[in-house]
Amino acid sequence: MDSGFATETIPPSLRLLQPSVLSRQNAMCILEVLRTYPTRMTSRETFPPFIHCCWGKRPPDAGPGELPQPLTSCMSVSQLFAARNPETLGFLWRAIEVEQKAFFENGYRYTT
């Protein structure tokens, strides 16, 4: 992707700001990984790396309610996102809005 500018016309100080092929490839790689996170949040076994691995493991006799409520809510919204279709998009975005408001109102409690 050529920017259309000859490098001779760009001052040396601004040449450093031009995205390189490598930086574009890195950005695309990061975006591809980030796009997997909603789907990875649908199951404890596939949590993304920012969720501590101890939350993905549970004893065989453990009940379903052992995750913290914010994490459970995130999993529920992720499951809605993974199963979305045109008819459920409105419901999905309302659920996201509800969780966003709850986070802003109660986020200070999530530090422990």
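The values are calculated or read from the model by the stated rules, or taken from the named source; none is laboratory data. Bear in mind that the values here come from a model prediction, so they are computed numbers and not experimental data. For neighbour counting, all protein chains shown are included, and Cβ atoms are generated from backbone atoms with ideal geometry for every residue, glycine included. Side chains included, ligands, DNA and RNA excluded: accessible areas come from the protein's heavy atoms. Shrake-Rupley method; radii C 1.70, N 1.55, O 1.52, S 1.80 Å.
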Worksheet item: Which condition number in (1) part of a loop (DSSP other than H, G, I, E, B); (2) open to solvent by 100 Å² or more (accessible area, probe 1.4 Å) is the one that ASN85 fails?
Response: (2)
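Residues in the range 17-55 that are small (Gly, Ala, Ser) and part of a loop (DSSP other than H, G, I, E, B): how many?
Restricting attention to the range 17-55, the residues satisfying the condition of being small (Gly, Ala, Ser) are 20, 23, 27, 43.
Narrowing further to those that are part of a loop (DSSP other than H, G, I, E, B): 20, 43.
Residues flagged as small (Gly, Ala, Ser) and part of a loop (DSSP other than H, G, I, E, B) within the range 17-55 amount to 2.
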Worksheet, complete the sentence: Residues of the range 17-42 being free of Cβ contacts under 8 Å to residues at least 12 places away in the same chain and more than 13 Å from the chain's Cα centre (by Cα), in sequence order, are LEU17, PRO19, SER20, VAL21, LEU22, SER23, GLN25, ASN26, ALA27, MET28, CYS29
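Condition check: out of contact with any helix residue (DSSP H, G or I) (no Cβ under 6 Å at 6 or more places or on another chain), modelled with pLDDT of 85 or more and either more than 18 Å from SER76 (Cα to Cα) or open to solvent by 50 Å² or more (accessible area, probe 1.4 Å) (or both). Does ILE30 satisfy that?
Details: out of contact with any helix residue (DSSP H, G or I) (no Cβ under 6 Å at 6 or more places or on another chain): yes; modelled with pLDDT of 85 or more: yes; either more than 18 Å from SER76 (Cα to Cα) or open to solvent by 50 Å² or more (accessible area, probe 1.4 Å) (or both): yes.
Here the answer is yes, as ILE30 does meet what is asked.
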